[in-house]
Amino acid sequence: MIDQAFACPIRVYVEDTDAGGIVFYANYLKYMERARTEFFRSLGFHKPALFDGLQFVVKEIDVVYHHPAVLDDLIDVRVMPTKLSRVTIEIQQQVYKEDNLLAEGRVKLACVGVEAKRPKPIPVPIHNALNNYIC
């Protein structure tokens, strides 16, 4: 379990599942994305501030699946930043149903300029907030 992680509750709907009522594997990536967005929002960085000429893009992602979520489950998607550089942030994420680990992943995000799609430094207020969370 990630200590002091941000947690985002998500309900599994029909649209998330396959014909057997099991969550389609790619939807875990959507759940993780949603939780990261809510994590940034919890730090006070809403879309206009976060995307003012810059955006975070996924540079790397690794996911390990342990157990399936099923229709109508209430899951917790946890977010914990672990590494920070001038341009990138690495985040550990876990998906739980109660005390059962369903999936876990590592996501590396890069800050890029919207126009040229080239690396740019993470803005100081965002960098400081992330650094405070990591330390």
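The values are calculated or read from the model by the stated rules, or taken from the named source; none is laboratory data. Keep in mind that this is a model prediction, so the values were computed, not measured. Counting neighbours? That spans all protein chains shown, and the Cβs are built from the backbone with ideal geometry, glycine included. Protein only, heavy atoms only, side chains kept; ligands, DNA and RNA dropped before computing areas. Shrake-Rupley method; radii C 1.70, N 1.55, O 1.52, S 1.80 Å.
Over the chain, the alpha carbon radius of gyration divided by the compact-protein estimate 2.2 N^0.38 Å works out to 1.09.
What does the charge count around residue 53 come to, taking other residues whose C-beta lies under 13 Å from its C-beta (Lys +1, Arg +1, Asp -1, Glu -1)?
+2
Loop-located trypsin sites (Lys or Arg not before Pro) in region 35-90 (DSSP state other than H, G, I, E, B) with a sparse environment of at most 12 neighbouring Cβ atoms within 10 Å: 86. The residues of the chain expose, per residue, 57 Å² of accessible area to a 1.4 Å probe. When the residues 61, 10 are ordered by accessible surface, computed with a 1.4 Å probe over the protein chains alone, the sequence from largest down reads 61, 10.
Once the piece of chain linking residue 118 and residue 99 is laid out straight, how much longer is it, given 0.36 nm per residue of separation minus the C-alpha distance between them?
Residue separation times 0.36 nm, minus the Cα-Cα distance, leaves 2.8 nm.
FRET efficiency for the residue 82 to residue 46 pair, using the beta carbon distance and R₀ = 35 Å, is estimated at 0.90. A Gaussian network model of the chain, with springs between Cα atoms under 10 Å, assigns the largest mean-square fluctuation among 44, 105, 20 to 20. Max-minus-min Cα coordinates of region 40-109 on each principal axis give 39, 22, 16 Å, with the largest extent listed first. Only Cα pairs under 8 Å and 6+ residues apart enter the sum, and on that basis the relative contact order of the chain stands at 27 percent. For the residues 63, 77, a 1.4 Å probe over the protein chains yields an accessible-area ranking, largest first, of 63, 77. When 15, 60, 115 are compared by accessible area of protein heavy atoms, the largest-first order is 115, 15, 60, using a 1.4 Å probe.
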